[in-house]
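Take a look at the structure below.
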Amino acid sequence: MQTIKKISYHSILIDAKIMRLEQSSNKKKRRDDLTNNEEKEQVQNQKNPLTGRETRDRENPINPQTDSADLILVVDDTPSNLQVLFPCLEKAGFKVLVAQDGESAINIAASKHPDLILLDILMPGLDGFDTCRLLKAKVSTRDIPIIFLTALSETANKVKGFELGGVDYVTKPIQQEEVLARIRTHLSLRKMSQRLAAKNEELQQEIETRKQVELQLQKRTSQLQQSLNSEALIRRITEKIRDSLDESQILQTATRELAQILQVDRAKIELYDTSHKTATIVYEYSTSSSKCQGMTRKIAEFRELYQQLLQKKPLQFANLTAELNPKYSRCSRLACPIFDDRGILGNLWLVRPREELFAEFEVCLVQQVASQCAIAIRQARLYEAAQIQVKELENLNLLKDDFLKTISHELRAPMSSIQLAAQTLEKFLSAESAVKKSPTFAKVFKIFQQACQRQKQLVDDLLTLCYIEAKAEKVIKESIDLQAWIFEMVQPFLENARDRQQHLTIDLDEQIPQFECDPFTLQRIITELLNNACKYTPAGETITVKASATEEIVKVSVSNSGVEIPPEEQERIFDQFYRIPNNDPWQYGGTGLGLTLVKKLAELLQGSIYLESEEGLTTFCLELPHSNVESPRASAEG
């Protein structure tokens, strides 16, 4: 009775129930009478025979436990065992359910789902082994751990319990510490097992998810690989197509490459006439001897077929009537229009056996190749038209050259006669006596000479410019001693500069080696630059001619002070017929051809000319390539 005294506020109820149980003469008869379902429900809801209370579940009003407390089902027909286990388990923090026979235990386990069952083996009716067998047979209770309570110590009984699904044994008489330790151990194992099962389920779900993702990835990878392969094929075909400007070569390459890549029986290209009334097969690639190249179809005879194609939509069909081609009537056909923004040109056809349809990526590939064919065909036709124009221009250029040769003679002949007459007249007048000379006549005669010289220069400039553009001007190179040559060149301009009250200076490097150049062309460049300098340099300012040389270039510059060209005008200064607007204070005339001619002559000598104009100083710099250089001193020594 020591165990009963340890039960605190439940002791009175437990004692009362024990007295009633002792007054019962036959416990077995009481259990046997509870055979129907109604009596089983009464047993399930009866008061605990040890405590005098209703069997408590998770919402025990007397000793409420936390929601996280584990629920233990104790199945035993012996009150003394219950007197030990019930208060011990409650005190340990567990929620406790009690059943006194196997059938009640099965019903309670199915409805309440305890976390662990303490099951007595030796019970009347359903014994512990049978009860365990039935619990393990049900899906809802098979995973509940069962610890057997028994006084049987034979090994055979223990083995049988383990075989039926028990997880452990507790031997009577019961030791509280042992029971609690085993319960906690198996509850911990159950929780770990549940967590492991949950993790396994999560893992399985993740595996399934990953399988789906992997399938999608494989599908996407396959699509990307097809796309990459298609792009590579298109790039290869495009490169081969665009390498040629021959339309027949383009058509041949496109049909052959597509037929080999897609492994089709035939590939062909048909082109429409300008009115889209007929379509002619201009090229065909076939694995058989049958050829359709050169055939022409009337669009009206295949209206349904060409209606979609003329709307720039691809078409795929099988088993067409034999009218299209009797030998290939039972096959799959794919037709993709060849078009660009300027209109539709024709169609690209592919043929393979009827069982083999064209996949979506193959259709896309053929469409892209058809687009590239349209571009290439347009380019080839433009090139062909351009070549015709080039030939026409070449013929016109020959006519122009003949005209230049004729007009140069016709223009120079009268000017030469006028110039010769002026020279003769000058000699005749110089022979007359000074008394007969008239100042007015001399002035007029000078104007006549200047106009004649200016007209001759203009004609020469025009003809030279035309010859350069026609590439008929020839360069005859000679060895030039630049120091002596520049001094000789500048002499005629010294008097002109003095008349205009200008200062003309020469600044040459001491050592300027000889170089190869056309002296006539170089003279025309320097003369034009000096004429411009004298024309636009104000009185009192300076004109400077400089020359220097490096291992690579010979540089000659003409600069004049007191003049500055606006930056916005400098880029156009060498344009043909260009003159600086409203910036000629001296009102000098001109055609705007002088500097254009200078630039073209410099390029004819494989050189360049550029302008620098700032801070009241304008400089034109001529740079010529240094070739066949030989120092004058070294030449003299040699």
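Is there a residue being acidic (Asp, Glu), within 25 Å of Glu177 (Cα to Cα) and touching an Asp or Glu at 6+ places or on another chain (Cβ under 7 Å) anywhere in the stretch 119-128? If you could, list the steps in order and put the result at the bottom.
Taking the stretch 119-128 and keeping what is acidic (Asp, Glu), we get 120, 127.
From the residues that got through so far, the ones that are within 25 Å of Glu177 (Cα to Cα) too are 120.
Next, only the ones that are touching an Asp or Glu at 6+ places or on another chain (Cβ under 7 Å) stay: 120.
Within the stretch 119-128, one or more residues are acidic (Asp, Glu), within 25 Å of Glu177 (Cα to Cα) and touching an Asp or Glu at 6+ places or on another chain (Cβ under 7 Å).
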Task: Subset of the stretch 599-616 [closer than 11 Å to Ser557 by Cβ and not charged (D, E, K, R)] - done: Ile609, Tyr610, Leu611
Open item on the list: Just to be sure before I move on: is Asp115 in contact (Cβ under 8 Å) with a residue 60 or more places away in the chain, among the charged types (D, E, K, R), open to solvent by 10 Å² or more (accessible area, probe 1.4 Å) and farther than 16 Å from Ile72 by Cβ in the structure I sent?
Closed with: no
TODO: Could you figure out which of (1) over 18 Å from Thr255 (Cβ atoms); (2) at pLDDT below 85 isn't true of Asp340?
DONE: (2)
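Yes or no, residue by residue, for (1) touching a strand residue (DSSP E or B) at 6+ places or on another chain (Cβ under 6 Å); (2) modelled with pLDDT of 85 or more; (3) assigned to a helix (DSSP H, G or I):
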site: Ile234; (1), (2), (3): no, no, yes
site: Ile237; (1), (2), (3): no, no, yes
site: Gln252; (1), (2), (3): yes, no, yes
site: Lys268; (1), (2), (3): yes, yes, no
site: Thr274; (1), (2), (3): no, yes, no
site: Thr280; (1), (2), (3): yes, yes, no
Task: Looking only at the stretch 396-405, and only at residues there that are modelled with pLDDT of 65 or more and open to solvent by less than 90 Å² (accessible area, probe 1.4 Å), the one that is farthest from Ser248 (Cα to Cα) - done: Asp402
Open item on the list: Please go through the stretch 61-80 and give me each residue that is more than 19 Å from Pro145 (Cβ to Cβ), surrounded by fewer than 17 Cβ atoms within 10 Å (Cβ to Cβ) and either at pLDDT below 80 or of a type in the set (D, E, K, R) (or both), ordered by number.
Closed with: Pro61, Ile62, Asn63, Pro64, Thr66, Asp67
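Considering the stretch 595-638 alone, what residues qualify as being at pLDDT below 85 and either of a type in the set (Val, Ile, Thr) or surrounded by 19 or more Cβ atoms within 10 Å (Cβ to Cβ) (or both)? Let's see the steps before the verdict.
To start, the set of residues in the stretch 595-638 that are at pLDDT below 85 comprises 595-597, 626-638.
Passing the criteria: Leu595, Thr596, Leu597, Val629.
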Task: Search result, residues across the stretch 81-99 that are open to solvent by 20 Å² or more (accessible area, probe 1.4 Å) and not charged (D, E, K, R) - done: Asn81, Gln83, Val84, Pro87, Ala92, Gly93
TODO: Of the numbered conditions (1) over 30 Å from Thr141 (Cβ atoms); (2) open to solvent by 50 Å² or more (accessible area, probe 1.4 Å); (3) modelled with pLDDT of 85 or more; (4) not in a loop (DSSP other than H, G, I, E, B), Leu203 fails exactly one; give the number of that condition.
DONE: (1)
Task: Residue selected from the stretch 468-490 under the condition open to solvent by 100 Å² or more (accessible area, probe 1.4 Å) and at negative phi, by the criterion modelled with the lowest pLDDT - done: Lys474
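I'd like to know if the stretch 210-226 contains one or more residues that are outside any helix (DSSP H, G or I) and exposed (fewer than 11 other Cβ atoms within 10 Å of the Cβ). Show your work before the answer.
Kept after step one, since they are outside any helix (DSSP H, G or I), are these residues of the stretch 210-226: none.
Within the stretch 210-226 (the criterion being outside any helix (DSSP H, G or I) and exposed (fewer than 11 other Cβ atoms within 10 Å of the Cβ)), the answer is no, since none of the residues qualifies.
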Task: Residues satisfying the stated conditions in the stretch 221-256, i.e. under 15 Å from Val366 (Cβ atoms), of a type outside the set (Lys, Arg) and free of Cβ contacts under 8 Å to residues at least 24 places away in the same chain - done: Asn229, Glu231, Thr253
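Identify the residue in the stretch 549-567 that is among the charged types (D, E, K, R) and assigned to a loop (DSSP other than H, G, I, E, B) and, among all such residues, is nearest to Leu611 (Cα to Cα). Show your work before the answer.
Step one: filter the stretch 549-567 for residues among the charged types (D, E, K, R), giving 551-552, 555, 564.
So of that shortlist, the ones also assigned to a loop (DSSP other than H, G, I, E, B) come out as 551-552, 564.
On the way: Glu551: 23, Glu552: 20, Glu564: 11 Å.
So, considering only residues that are among the charged types (D, E, K, R) and assigned to a loop (DSSP other than H, G, I, E, B), the one nearest to Leu611 (Cα to Cα) is Glu564.
Select, from Glu410, Glu355, Glu432, Glu362, the only residue that is modelled with pLDDT under 70 and under 30 Å from Leu233 (Cβ atoms). Let's see the steps before the verdict.
On the way: Glu410 fails: under 30 Å from Leu233 (Cβ atoms); Glu432 fails: under 30 Å from Leu233 (Cβ atoms); Glu362 fails: modelled with pLDDT under 70.
Of the residues listed, the single one that is modelled with pLDDT under 70 and under 30 Å from Leu233 (Cβ atoms) is Glu355.
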TODO: Counting only residues that are of a type in the set (A, V, I, L, M), give me the strands (runs of 3 or more DSSP E) lying completely in the stretch 102-173 with at least 2 of them.
DONE: 116-120, 146-150
Open item on the list: Six or more apart or on different chains, Cβ atoms under 6 Å: show the pairs whose first residue is in the stretch 175-194 and open to solvent by 70 Å² or more (accessible area, probe 1.4 Å) and whose second is not hydrophobic (A, V, I, L, M, F, W, C).
Closed with: Arg182/Asp168
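The values are calculated or read from the model by the stated rules, or taken from the named source; none is laboratory data. Everything numeric in this text was worked out from a predicted model, so none of it was measured. Positions of Cβ are generated from backbone atoms using ideal geometry, with glycine treated the same way; all protein chains shown enter the neighbour counts. The area values use the complete protein model at the heavy-atom level, side chains included, leaving out ligands, DNA and RNA. Shrake-Rupley method; radii C 1.70, N 1.55, O 1.52, S 1.80 Å.
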